[in-house]
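Here the structure is laid out as structure tokens; the discussion comes afterwards.
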Amino acid sequence: LRAGPTQTGTMSDTESEVDEITDLSNPDVTTKYRTAGDIVNKVLQKVVESCVAEADIATLCEMGDKMLEEETGKLYNKKDKGRKIEKGIAFPTCVSVNEIAGHFSPLRGESRTLMPGDLVKVDMACHIDGYIAAAGHSLIVGGDQVEDRRADVIMAAWNAAEAAVRLVQVGNTNTQVTETFTKIAEEFGCKPLQGVLSHQLKKHVIDGNRCILGAETQEEKVDEIEFEMNEVYCIDVVMSTGEGKAKETELRTTVFKRAPDTAYSLKTAKARQFISEVSRRFPALPFSMRAIEDEQVARIGVSEAKRHELLEEYPVLKERDREFIAQFKFILLLLPGGTKRITGLPLGSMEAQVVSSHSVQDEALKKLLASSANPKKQRKKKAAGSKETKEGDKADDKAEAAEDQKA
């Protein structure tokens with residue numbers, strides 16, 4: 001989910017690449033993405049398991065953020081060429097329920113508890129050296145079997161996510177993915193949520209300009225792009241049982257990102273303390289108000305910084321009351337050996353728990369979903385290949401070897 005204009009990180013692509021290769025052709029970069037991916041999967045699994053009846057949402061979000069900090073803090077602590085490697089949260093843990101679409105990461109006094117039957121979305125991201133791994137998962141609180149609209153929307157989102165893994169391949173286009181989201185949603189009587197974008201990721205950039213629309217509308221269109229080798233995408237699949245239109249709520253926005261191109265000297269000491277801490281700790285990536293130790297500093301700082309456009313907001317969005325929204329989010333690496341999904345959880349016990357009366361009927365979609373999501377490397381079957389492909393495959397292999405050695 002995104003609100004507001006696309007912004008980039010602290011350094012431009014050209015500046016960052018003068019010193020280092022920051023795409024997947026560098027095996028060290030691939031390893032950092034995968035390491036961050038392992039962490040986010042571990043933490044997501046823990047938070048999902050903790051989403052039980054009577055669990056407090058603010059406590060769940062705090063737990064997720066604390067684990068992300070702790071797990072990233074264990075790795076990459078040696079300086080790299082004299083440079084400290086930055087790592088930590090890239091998007092704070094959010095736990096959004098039923099018609100709430102996303103970005104709900106409340107302060108303690110403004111939280112709520114989970115109830116049996118709630119459809120919960122858990123969403124988070126961490127990074128190592130600016131290489132971001134995000135993940136999101138949907139679940140039903142409690143063990144009761146679900147056969148109503150909650151089942152339809154979860155299965156619509158899950159099937160669309162599975163289709164995206166197979167479609168985000170070198171040479172395919174973002175338009176193909178968007179059209180497939182719409183077709184799968186129709187099969188389950190649901191709609192993709194408008195305003196959702198799946199962005200290309202780069203170092204320190206969580207919302208790159210190359211992206212995939214969740215749903216095309218008259219107001220929102222993006223340029224058609226062809227997916228390229230060594231790109232990274234964060235695929236965000238969000239489906240709704242309602243009209244597919246989310247509106248801002250009266251709930252407090254707690255997730256923000258520093259607007260990199262705006263400067264202003266704030267008037268009060270507390271606001272200056274706040275923006276100084278944000279600029280030091282979160283120069284390019286989103287953060288939660290909870291991350292600021294003094295809540296009063298956070299409240300005053302956010303209020304003043306927003307007035308002077310120093311922050312981008314991630315408002316809490318919702319569908320109409322009594323509708324349901326499901327989400328699955330994951331990272332795809334476009335490697336020479338094929339597209340690899342490195343984050344996201346399996347359906348697991350929900351396969352039996354969630355029973356929709358709908359299913360994919362379209363033959364082309366059925367064929368797509370039945371195809372392998374892990375295409376084998378083709379180079380062994382070819383008598384010869386291009387030098388570029390062979391070099392890329394070597395980089396892929398080195399990254400996998402380094403990851404195995406680390407494990």
Filter result (over 20 Å from L317 (Cβ atoms) and either crowded, with 20+ Cβ neighbours inside 10 Å or polar (S, T, N, Q) (or both)) within segment 188-203: F188, Q200, L201, K202, K203
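For (1) closer than 30 Å to L345 by Cβ; (2) aliphatic (A, V, I, L, M); (3) touching a strand residue (DSSP E or B) at 6+ places or on another chain (Cβ under 7 Å), each residue gets a yes or a no:
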| site | (1), (2), (3) |
| --- | --- |
| A215 | yes, yes, yes |
| E248 | yes, no, yes |
| I275 | no, yes, no |
| F282 | yes, no, yes |
Count of residues meeting criterion [closer than 17 Å to A291 by Cβ, open to solvent by less than 70 Å² (accessible area, probe 1.4 Å) and in contact with a strand residue (DSSP E or B) (Cβ under 8 Å, 6 or more places away or on another chain)] in segment 63-111: 20
Residue count for segment 218-230, restricted to those that are within 22 Å of G338 (Cβ to Cβ), in contact with a helix residue (DSSP H, G or I) (Cβ under 9 Å, 6 or more places away or on another chain) and open to solvent by 10 Å² or more (accessible area, probe 1.4 Å): 4
Failed condition for L334, given (1) modelled with pLDDT of 95 or more; (2) closer than 21 Å to K183 by Cβ: (2)
Qualifying residue in segment 240-252 (condition: under 17 Å from the mean Cα position of the chain (by Cα) and aliphatic (A, V, I, L, M)): no
Helices (runs of 4 or more DSSP H) wholly inside segment 286-382 containing at least 2 residues that are in contact with a Phe, Trp or Tyr (Cβ under 8 Å, 6 or more places away or on another chain) and surrounded by fewer than 21 Cβ atoms within 10 Å (Cβ to Cβ): 295-307
From R307, R322, residue being in contact (Cβ under 8 Å) with a residue 12 or more places away in the chain and among the basic types (K, R): R322
Count of segment 204-214 residues which are modelled with pLDDT of 95 or more and open to solvent by less than 30 Å² (accessible area, probe 1.4 Å): 4
Identity of the residue in segment 231-255, touching a helix residue (DSSP H, G or I) at 6+ places or on another chain (Cβ under 7 Å) and either part of a loop (DSSP other than H, G, I, E, B) or modelled with pLDDT under 95 (or both), that ends up most open to solvent (accessible area, probe 1.4 Å): R252
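The values are calculated or read from the model by the stated rules, or taken from the named source; none is laboratory data. Keep in mind that what you see is a predicted model, and the values were worked out from it rather than measured. Reconstructed Cβ throughout: ideal geometry from the backbone, glycine too, with neighbour counts over all protein chains shown. We work out accessible area using only protein heavy atoms, side chains counted, and drop any ligands, DNA or RNA first. Shrake-Rupley method; radii C 1.70, N 1.55, O 1.52, S 1.80 Å.
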